[in-house]
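Notes follow the structure.
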Amino acid sequence: MNRQDFPILNQTVYGKPLIYLDNAATTQKPQAVIDAIAYAYSTFNANIHRGVHHLSQVATEEHEKARQKVADFIHAQSSNEIIFTKGTTSSINMLAWSLGEWKKAGRYMIENGDEIVVSTLEHHSNIVPWQMLAERRGAVLKVVPLKADQSIDLEAFKQLISPRTKIVAMAHVSNVMGIINPVKEIAEMAHQAGALFAMDAAQSAPHIVLDMQDIDCDFCSFSAHKMYGPTGIGVLYGKESLLQQLPPAEGGGEMIEHVSFERTTYNTLPYKFEAGTPNFIGSYAFGKALDYICSLDKKQLFEEEMALCKQLEEALLKGNYSGSTIEIYGRGLQKVGAVSFNLRNAQGQLIHPYDIGVLLDRQGVAVRTGHHCAEPLIDHLQVPGTVRASIALYTDESDIRALINALEKAAAMLA
């Protein structure tokens, strides 16, 4: 990997070199991805699947190549299991709606009194769609608590699930704290209870080698823009046997087989879930992003990024903050991608993370502050928000040093 592959990083902010540590929100794009978007619009911009002319055929071929690349990347059994969506949020909403409309033997899959289980650390996108489903079907939303170290309490989870549990929806990696959850164990426990496991991989897909056969999740969602790809495209993976049974969430366009005013029949997988004109430019560019990631040693990259998170925690703890002390959330746990923290002044009062974020920005350091779309978790931590520094494959030790130097200066100003 060459940092020069990412042109946006070669700039200054307020006269300082840009230190970009907001990668959990979105990653920057290598030149290959930027070029791919221009190339696609310049050479094969035409609606896919519906045209007999050359441009349409090329666009269709490239779109389906990208689908196969995604299937290979996550070790899906078939490209039929890869549904292109607008992103993780879109994927989870689509899934929640379809599961709510799924009938088996004359009974809805989710009915009054059934249970949907999430955890305290979920992103809003993995809470609200399930709340909406629960309200629609009279189901009960149950929440797995966290242990004192902020990890998921698996013993509590075992007690929480029951024969009425139909869906378990949890993140692979916390978007706030970067904590890696034991998803294989969670999937096994969900299946033992007869429930489906839907995994939010928005924060793990950029960092961890995903293997759908090994994890054995039933559904998985992630976004291209967090994986060095373009915005506006993501993936819903589902086991083919389940996707074949689920009703589509949207109608029109490519998802149909035959339409009449009396009855409509649906297309085969994966097209049944892809209504309208697909983002074929995005899928092509996403494929190039996956090519870029796969040109590296993914396992080694994962290990390096885990080590960098540990190094970031250690560096934060060693900083001199002019009498203020630092709090790191989920400290010492196995993490990748992100570290969240706050500062308290000498009187023990929390320094608002927004103030820290603004002062870091003025020194060229971009971090994320606030509740990170995880208000229940932030309420659990009993803070107004956190400062989150998140890394990517182009992050190195010099970025960490720059963050600590800027944080020390900010703390001195706020002391």
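The values are calculated or read from the model by the stated rules, or taken from the named source; none is laboratory data. Here the structure is a predicted model, which is why all the values come from computation and not from measurement. Neighbour counts run over all protein chains shown; Cβ positions are idealised from the backbone, glycine included. These area figures cover heavy atoms from the full protein model, side chains too; ligands, DNA and RNA do not enter into them. Shrake-Rupley method; radii C 1.70, N 1.55, O 1.52, S 1.80 Å.
Taking the range 213-247 as the search range and keeping residues that are closer than 18 Å to Glu101 by Cα and surrounded by fewer than 21 Cβ atoms within 10 Å (Cβ to Cβ), which one is nearest to the chain's Cα centre (by Cα)?
Lys239
Those residues that are assigned to a helix (DSSP H, G or I) and either touching a residue at least 12 places away in the same chain (Cβ under 8 Å) or surrounded by fewer than 16 Cβ atoms within 10 Å (Cβ to Cβ) (or both), I need them from the range 123-144; list them, please.
Start the filter on the range 123-144 by keeping residues that are assigned to a helix (DSSP H, G or I), which leaves 124-126, 128-137.
Result: His124, Ser125, Asn126, Pro129, Trp130, Gln131, Met132, Leu133, Ala134, Glu135, Arg136, Arg137.
Any chance you could count how many residues in the range 259-270 are open to solvent by less than 60 Å² (accessible area, probe 1.4 Å), at pLDDT below 90 and either touching an Asp or Glu at 6+ places or on another chain (Cβ under 7 Å) or of a type in the set (Phe, Trp, Tyr) (or both)? Give the steps one after another, and end with the answer.
As a first pass, look at the range 259-270 and keep what is open to solvent by less than 60 Å² (accessible area, probe 1.4 Å): 260, 264-265, 267, 269-270.
Narrowing further to those that are at pLDDT below 90: 260, 264-265, 267.
Keeping just the survivors that are either touching an Asp or Glu at 6+ places or on another chain (Cβ under 7 Å) or of a type in the set (Phe, Trp, Tyr) (or both) gives 265, 267.
The total comes to 2.
Quickly run through the range 332-352 and pick out the residues that are surrounded by fewer than 22 Cβ atoms within 10 Å (Cβ to Cβ) and in contact with a strand residue (DSSP E or B) (Cβ under 9 Å, 6 or more places away or on another chain).
Selection gives Leu333, Gln334, Arg344, Asn345, Ala346, Gly348, Leu350, Ile351, His352.
Of all the residues that make up the range 271-291, how many are open to solvent by 20 Å² or more (accessible area, probe 1.4 Å) and either part of a loop (DSSP other than H, G, I, E, B) or of a type in the set (Phe, Trp, Tyr) (or both)?
Initially, the range 271-291 is screened for residues open to solvent by 20 Å² or more (accessible area, probe 1.4 Å), giving 271, 275-279, 284, 288, 291.
Next, only the ones that are either part of a loop (DSSP other than H, G, I, E, B) or of a type in the set (Phe, Trp, Tyr) (or both) stay: 271, 275-279, 284.
Number of matching residues: 7.
For Thr27, work out the one condition from (1) within 30 Å of Ile215 (Cβ to Cβ); (2) open to solvent by 30 Å² or more (accessible area, probe 1.4 Å) it doesn't fulfil.
If we test Thr27 against (1) within 30 Å of Ile215 (Cβ to Cβ); (2) open to solvent by 30 Å² or more (accessible area, probe 1.4 Å), just (2) comes out false.
Among the listed residues Ile83, Ile74, identify the single one that is in contact (Cβ under 8 Å) with a residue 60 or more places away in the chain, in contact with a Pro (Cβ under 9 Å, 6 or more places away or on another chain) and aliphatic (A, V, I, L, M). Show your work before the answer.
Details: Ile74 fails: in contact with a Pro (Cβ under 9 Å, 6 or more places away or on another chain).
One residue alone meets the criteria, Ile83.
Does Asn320 meet the test of being of a type in the set (S, T, N, Q) and open to solvent by less than 50 Å² (accessible area, probe 1.4 Å)?
no
Identify, please: which residue in the range 73-112 is in a strand (DSSP E or B) and of a type outside the set (Val, Ile, Thr) and is, among those, farthest from Gln213 (Cα to Cα)?
Filtering the range 73-112 for residues that are in a strand (DSSP E or B) and of a type outside the set (Val, Ile, Thr), the one farthest from Gln213 (Cα to Cα) comes out as Arg107.
Restricting to the range 1-40, what's the tally of residues that are within 27 Å of Val173 (Cβ to Cβ) and part of a strand (DSSP E or B)?
The number of residues fulfilling the criteria is 3.
All but one of (1) open to solvent by less than 20 Å² (accessible area, probe 1.4 Å); (2) in contact with a Leu (Cβ under 6 Å, 6 or more places away or on another chain) hold for Met189; which doesn't?
(2)
In the range 41-72, how many residues are surrounded by fewer than 21 Cβ atoms within 10 Å (Cβ to Cβ), hydrophobic (A, V, I, L, M, F, W, C) and in a helix (DSSP H, G or I)?
Qualifying residue count, the range 41-72: 3.
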